[in-house]
Amino acid sequence: MQYHLEKIEELIENLKQYTVTTIEIFKLEATERSSAIVSKLISKVVIGLIVLLFAFFLSMGICFYLSQLFGNNYLGFGMVAGFYLLVGIILIIGRKKLLINPMRERMIQDLLQSKKTS
């Protein structure tokens, strides 16, 4: 009987260690996934800011060029603003097909990819 009690105590101790180890593994995997997601997000934000600055200065250059070409400052800036208004309307109308669905698919793909590599 004593032998069975010792084995049961050993089994309980092993179960406790297994639970603690499983929790630690889960924490490490969650940390790895979240750090991968955050690092991708930060890199995309930095790249997005650089592209945004490029687009801003390019737009300003086009505005001044069109203003000089047509001899009217308001016309050059108005044409560029109209272009951005048109792009904005297209994005609003097709936001589900053009923005939401591709972003959702990409996020799911990234999450599943990071899960496979871990």
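Quick check on this structure: which one of Gly82, Gly76 is over 30 Å from Arg33 (Cβ atoms), part of a helix (DSSP H, G or I) and in contact with a Cys (Cβ under 7 Å, 6 or more places away or on another chain)?
Exactly one of Gly82, Gly76 is over 30 Å from Arg33 (Cβ atoms), part of a helix (DSSP H, G or I) and in contact with a Cys (Cβ under 7 Å, 6 or more places away or on another chain), namely Gly76.
Anything in region 38-60 that is under 24 Å from Leu112 (Cα atoms) and surrounded by 12 or more Cβ atoms within 10 Å (Cβ to Cβ)? List them, or say none.
Of everything in region 38-60, just one residue is under 24 Å from Leu112 (Cα atoms) and surrounded by 12 or more Cβ atoms within 10 Å (Cβ to Cβ), namely Lys40.
Could you go through region 13-27 and let me know if any residue there is acidic (Asp, Glu), in a helix (DSSP H, G or I) and in contact (Cβ under 8 Å) with a residue 60 or more places away in the chain.
no
Kindly establish whether Ser67 is in a helix (DSSP H, G or I), surrounded by 11 or more Cβ atoms within 10 Å (Cβ to Cβ), touching a Phe, Trp or Tyr at 6+ places or on another chain (Cβ under 9 Å) and free of Cβ contacts under 8 Å to residues at least 12 places away in the same chain. Walk me through it before giving the result.
Working: in a helix (DSSP H, G or I): yes; surrounded by 11 or more Cβ atoms within 10 Å (Cβ to Cβ): yes; touching a Phe, Trp or Tyr at 6+ places or on another chain (Cβ under 9 Å): yes; free of Cβ contacts under 8 Å to residues at least 12 places away in the same chain: yes.
It is true that Ser67 is in a helix (DSSP H, G or I), surrounded by 11 or more Cβ atoms within 10 Å (Cβ to Cβ), touching a Phe, Trp or Tyr at 6+ places or on another chain (Cβ under 9 Å) and free of Cβ contacts under 8 Å to residues at least 12 places away in the same chain.
Among the numbered conditions (1) within 28 Å of Lys40 (Cα to Cα); (2) loosely packed, with under 11 Cβ neighbours inside 10 Å, tell me where Ile100 comes up short.
Single failed check for Ile100: (2).
Residue-by-condition table, conditions (1) exposed (fewer than 10 other Cβ atoms within 10 Å of the Cβ); (2) within 16 Å of the chain's Cα centre (by Cα); (3) of a type outside the set (A, V, I, L, M):
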position: Lys16; (1), (2), (3): no, no, yes
position: Ala36; (1), (2), (3): no, yes, no
position: Ile62; (1), (2), (3): no, no, no
position: Leu75; (1), (2), (3): no, no, no
position: Ile89; (1), (2), (3): no, no, no
position: Glu105; (1), (2), (3): no, yes, yes
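Every number in this text was worked out from the coordinates using simple rules, so none of it is lab data. Everything quoted here is computed from the prediction, not taken from an experiment. Note that each Cβ is placed from the backbone with ideal geometry, even for glycine, and that neighbours are counted across all protein chains shown.
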